[in-house]
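See structure below.
What follows draws every value from the coordinates through simple rules; no lab data is involved. None of the values given here were measured: they were computed from a predicted structure. Reconstructed Cβ throughout: ideal geometry from the backbone, glycine too, with neighbour counts over all protein chains shown.
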Amino acid sequence: MSAEPDLVGKLLEADGDLRRIAGELDHLPEAFPRRVNADPEQVEKGLAQLVLTVVELLRQLMERQALRRMDTGTLTDEQIERLGDTFMKLDQRMRELTEHFGLEEGDLNLNLGPLGDLL
Amino acid sequence: MSRSLQHEVTLLELVDRVLNKGVVLSGDITLSVADVDLVYVGLRVLLSSVATLEEQAQLAAGGAQR
Amino acid sequence: MIHVYGLVDELAELPPTRGLDDAPLERRWIEGLEVVLSRAETPPSAEVSREAVLRHAQVVEELMARSGAVLPAQLGRAFRDEAELAAALQEQAAQLVRGLERVRGCVEFGLRAVGEPGVEPEATTGAEYMRARLEQVRRQDALVAALHEPLAGLARESTLHRDAADEVRAAYLVPRDAISAFRETAERVAASPGLTVVCTGPWPPYSFAAAER
């Protein structure tokens, strides 16, 4: 008898680019041993990834808030224009910075994981 | 679609359930490992709590829950 | 150290599997609830291994196959002795009893979906940008609803979480007699253009085991 659950039998349906979902495995708080990387370039890249992820998250949140307000009609035309202009420029700047550090969009994509369910 | 990706994805679902879901009974012995990712997760919670709460409230009002 | 796998109702017999560290499984009535557990020496470092996670999952699976209802326990806490376990169960006894009823006869299915990576909207003015983004968000919401609602319709309960990055996670508490209808529907809705979708299950009802807030 297998001492491990039958994982293959659990996959009901999968459609699309699974790498975008499988990548989350890296971000689960878990006890699996991890390699320690002390290469300075990698450390800098790791820090950049952290900082840019935070900034990107903030940007997405603010944008969502603004879109929601726009949807419910509680923004003036001037506000919409100003916000849109800011978000557009911020998005562009983020793409530049991400590229500068040799990162990809997918690298800035951390999930809330378990804490997401507390909200 | 590669079999190892399927395996990884399903493993993700399993580990997420075992470590993050399920009933929590208050035992004194805590089994865990300090994890750098928790820093990432913590920051994200701090920054996204308002937006996510609003969003979930809207979804719930829309009848997503039964 | 006592490790708990979950609470059960109408457990026909203990599965022949061994628990964590190959310890034998035990069933005990404590505070009016039947608990499945195993014992081990308290480890010097309180770390869980990958093996332990998989073994815990395996035990809970086998409990589900043999019980009328199972409340899976989260892996993360252990008890020095039965007295401590009894105290913990007493704290939540009423909710645990309700919990068993809530999940009785049901399995869990999970759904994860991500939208396509953010396409930069073509816009020259701020207002154009906002209009284009709003359109994108509305389209995304519609895709998610088309995916979630048919499945939620077959479930006793469901949850839906959205992360900032347009990622969606849902869980469905599905009665056993609706499993095949659920599978058919999942097959149909999972092939959604514009979304990467993963549907897994049947799982023991982990996501519906904790007390509702």
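How charged is the neighbourhood of C:P150? Take every other residue with its Cβ under 12 Å from the Cβ of C:P150, and add Lys/Arg as +1 and Asp/Glu as -1. Show your work: numbers first, answer last.
Details: positive: C:R188; negative: C:E149, C:E184, C:E187.
Result for the local shell: -2.
Can you compute the helix-only [θ] at 222 nm over chain C? Use -39500 (n - 2.57) per DSSP H run of at least 4 residues, normalise by all residues, nearest 500 deg cm²/dmol.
Working: 4 runs with 78 residues, N = 213.
One gets -12500 deg cm²/dmol as the mean residue ellipticity at 222 nm.
Shape verdict for chain C, please, from the Cα gyration tensor: rounded (a/c under 1.5), prolate (a/b greater than b/c) or oblate.
Values: a/c = 2.62, a/b = 2.04, b/c = 1.28.
Prolate.
With labels modelled as points extended 7 Å from the Cα through the Cβ direction, what inter-label distance (nm, one decimal) is found for C:I179 paired with C:E26?
Here the answer is 3.2 nm between the modelled labels.
If we count every other residue with Cβ under 14 angstrom of C:P193's Cβ, Lys/Arg +1 and Asp/Glu -1, where does the sum land?
Around C:P193, the charge tally is -1.
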